[in-house]
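Worksheet: one structure, shown below.
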Protein chains: 2
Amino acid sequence: MSQKSDGMNYAPQGKPSPVVKPGEFIFAAAHLDHGHIYGQCNGLLEAGGELALVYDPDPAKVKAFIERYPQAKPARSLDEILDSPDIRLVTAAAIPSERGPIGCRVMEASKDYFTDKTPFTSLDQLDQAKAVVARTGRKYSVYYSERLHVESAMFATDLVNQGAIGRVIQVIGLGPHRIGPKENRPRWFYEKAKYGGILCDIGSHQFEQFLTFSGATDATVTQAAVGNFNNPDTPELEDFGEASLLGNNGSSNYIRVDWFTPKGLSTWGDGRTTILGTKGYIELRKYVDVGRDKRGDNVYIVDDAGERYINVAGQVGFRYFGELILDCLNRTEKAMTQAHTFKAAELCLRAQLAARKIS
Amino acid sequence: MSQKSDGMNYAPQGKPSPVVKPGEFIFAAAHLDHGHIYGQCNGLLEAGGELALVYDPDPAKVKAFIERYPQAKPARSLDEILDSPDIRLVTAAAIPSERGPIGCRVMEASKDYFTDKTPFTSLDQLDQAKAVVARTGRKYSVYYSERLHVESAMFATDLVNQGAIGRVIQVIGLGPHRIGPKENRPRWFYEKAKYGGILCDIGSHQFEQFLTFSGATDATVTQAAVGNFNNPDTPELEDFGEASLLGNNGSSNYIRVDWFTPKGLSTWGDGRTTILGTKGYIELRKYVDVGRDKRGDNVYIVDDAGERYINVAGQVGFRYFGELILDCLNRTEKAMTQAHTFKAAELCLRAQLAARKIS
């Protein structure tokens, strides 16, 4: 299932390292519109979560899901899941424009929520979710997979936190993606009101990484642009987006996202992150070391001691999921704070709103 | 002389390929403030130019220059050079704030001018040079060395022109540089009125590359920032700069320049250029393939056919210099048009003026 040809069905698998005993953390999956749901479930299962129920209005999606996870019992509705007292968390990968409202329903039912990115398609949805979090005390957590489910990015998170490159001045995030055969994508993928725009959608990963690597807790959008350069048959698809941010700690950020991965690339996208610090810099070649090595998780570090290359595939694991489970059980925020989760969401929405149209 | 530890004295040498016979193109060197003068002279000499005279107010600079180029006779003043009827072109690497006025004197004396980048430190200087070019018909040419004197960048110029990656959507240019021991740099290097600011100075290379690779003939600055993050002892040194441009053909550009090359890097800067097209992309790792290969001129190309890595060091040469000599003799514009030369200069000045201060 961890196939690399397109990002939509890229569901990383890690080494199981349960943080709880069987039965201590029961969750359900609902709304399987994006293939990321498999990555979300893999992460929770490897951390010891128990998958009890699954719901989607489309029986074919449920059937495919149960073939993969036979332990999941089909529910007749989301309400059936919300009414099940054992379920602590609902993980979902709905159509982006529905993720916010579904999350509010989940939290109102006193359950934590773990949605695929992008978590919202409007600032109104974000505000509503903030209000429900404040009222219910539940968690609205987000699968920002391009850091949380990428070992090189988790490795860099620790390096930067340890001060390996000094103060972080700037982060560049490149997130090219492959569309693949266009007919294999669902209709909503090409409808802007549903996917939210390219900066809102795949841009969300990048802003989350900027906040994490820079330590900024807020930022302003200093420029943004989106365009459809080469997909006239799907005019609402933005195939290019870029934005620049200035963090509230003086660090800056440039991100570029696009749907221009050529057929010849050996994976779905040549994702890169470059983190510039006062004492060195780190470059991640996340999914391929283009022209050099088809493995992902390539880390380059340059500091006063020299140039180093490390491949960290299989060496780091995905601690986020275990931390999330423990956060849900202990009401802590070790995996990610709610403020950080929401700020990344806000920045991708603000960048999308600020974007000039280019072509 | 082609040493790679700092950019200031990096003077590439290529294979001699003269475009003229001895004595057909005689030039002089004047104002040796920046080590780039050696790269400028190497390029012209390899293309068949004849170096006749040299002038600098500092005898020590002249002495060092003549040790390298014994054929150059010392002149007592710039005027002596300007009064010499055989001299067709004067190449200079003055303090940046003096480059424009010196160029105007050279052109007024009916000679072509070939200056180190950055060519100007103010829009007024640019306007004056434009007026003198219009009146005299002489050339104000600029050593934008990070493309013209880099084989991988000249290789990419041809690839893009041949349509190898389709329509160019976006260019990212990263130009990190090493200061080296701070006392080895001249005083003007740390005085903003003299070097013009980081976007004006080392940023100029990047804007020239954007115009070349994208085919844009004009652009607007959509955001820019400069800062001194880690050099409090030289407060006028901007050690970080970035800018975003939108070209008049819809292409966009992000550039980052800085003085944060760590001691451990095997060369003076990990310069990168990434050119995204509708049919593929090209990445240049110009001076080192960090952590992989200490050689420069590493070209990565991804298109529908696959991922390719090519090292082009020694394979391409530096055709600019021969083209410049022939342009001077034939009054053509094959090496670079005057409009392009001035537009790149204008963009670096406009970006510098637009830059917010960050820290």
Just to be sure before I move on: is residue A:345 of a type outside the set (Lys, Arg), buried (at least 20 other Cβ atoms within 10 Å of the Cβ), within 14 Å of chain B (Cβ to nearest Cβ) and under 19 Å from the mean Cα position of the chain (by Cα) in the structure I sent? no
Residue check for residue B:65: closer than 21 Å to residue B:321 by Cβ and part of a helix (DSSP H, G or I): yes
Within region A:234-263, count every residue that is polar (S, T, N, Q), over 30 Å from residue B:229 (Cα atoms) and either in a strand (DSSP E or B) or touching a His at 6+ places or on another chain (Cβ under 9 Å) (or both). 1
Take the residues of region B:273-308 that are of a type in the set (Val, Ile, Thr) and in a strand (DSSP E or B): which is farthest from the other protein chains (Cβ to nearest Cβ)? B:273
Tell me which residues, restricted to region A:124-169, are in a helix (DSSP H, G or I), more than 30 Å from residue A:8 (Cα to Cα) and of a type in the set (Val, Ile, Thr). A:136
Take region B:155-193 and flag every residue that is under 14 Å from residue B:211 (Cα atoms), open to solvent by less than 30 Å² (accessible area, probe 1.4 Å) and either at pLDDT below 95 or more than 14 Å from chain A (Cβ to nearest Cβ) (or both). B:156, B:157, B:160
Boolean, residue B:122 is small (Gly, Ala, Ser) and within 14 Å of chain A (Cβ to nearest Cβ): no
Answer with yes or no whether residue A:322 is more than 11 Å from chain B (Cβ to nearest Cβ) and open to solvent by less than 30 Å² (accessible area, probe 1.4 Å). yes
Among the candidates A:7, A:35, A:48, A:39, which residue alone is at pLDDT below 95, open to solvent by less than 40 Å² (accessible area, probe 1.4 Å) and either among the small types (Gly, Ala, Ser) or closer than 22 Å to residue A:98 by Cβ (or both)? A:7
For region A:214-235, indicate whether the set of residues that are more than 8 Å from chain B (Cβ to nearest Cβ), in contact (Cβ under 8 Å) with a residue 40 or more places away in the chain and on the phi > 0 side of the Ramachandran plot is non-empty. yes
Selected residue (only one of B:218, B:258 is at pLDDT 95 or above, open to solvent by less than 10 Å² (accessible area, probe 1.4 Å) and either of a type in the set (Ser, Thr, Tyr) or under 22 Å from residue B:353 (Cα atoms) (or both)): B:258
Residues being touching a residue at least 60 places away in the same chain (Cβ under 8 Å) and among the charged types (D, E, K, R) - total across region A:150-175: 2
Specify the residue that is farthest from residue B:178 (Cα to Cα); the eligible residues are those in region A:271-284 that are touching a residue at least 60 places away in the same chain (Cβ under 8 Å) and open to solvent by less than 10 Å² (accessible area, probe 1.4 Å). A:271
Here the residues within region A:237-266 that are under 18 Å from residue B:256 (Cβ atoms), within 19 Å of the chain's Cα centre (by Cα) and within 7 Å of another protein chain (Cβ to nearest Cβ) are A:242, A:254, A:256
Exactly one of (1) farther than 30 Å from residue B:257 by Cα; (2) at pLDDT below 95 is unmet by residue B:79. Its number? (2)
Which pairs do you get when a residue that is within 14 Å of residue B:144 (Cα to Cα), found in region B:195-209, comes within reach of a residue that is of a type in the set (Lys, Arg), reach meaning Cβ atoms under 6 angstrom, with the pair 6+ apart or on two chains? B:204/B:117; B:209/B:147
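The values are calculated or read from the model by the stated rules, or taken from the named source; none is laboratory data. These numbers come from a predicted model, not from an experiment. Glycine also receives a Cβ, built like all others from the backbone with ideal geometry; neighbour counts cover every protein chain displayed. Each accessible area value is taken on the protein alone, full model and side chains, heavy atoms only, with ligands, DNA and RNA left out. Shrake-Rupley method; radii C 1.70, N 1.55, O 1.52, S 1.80 Å.
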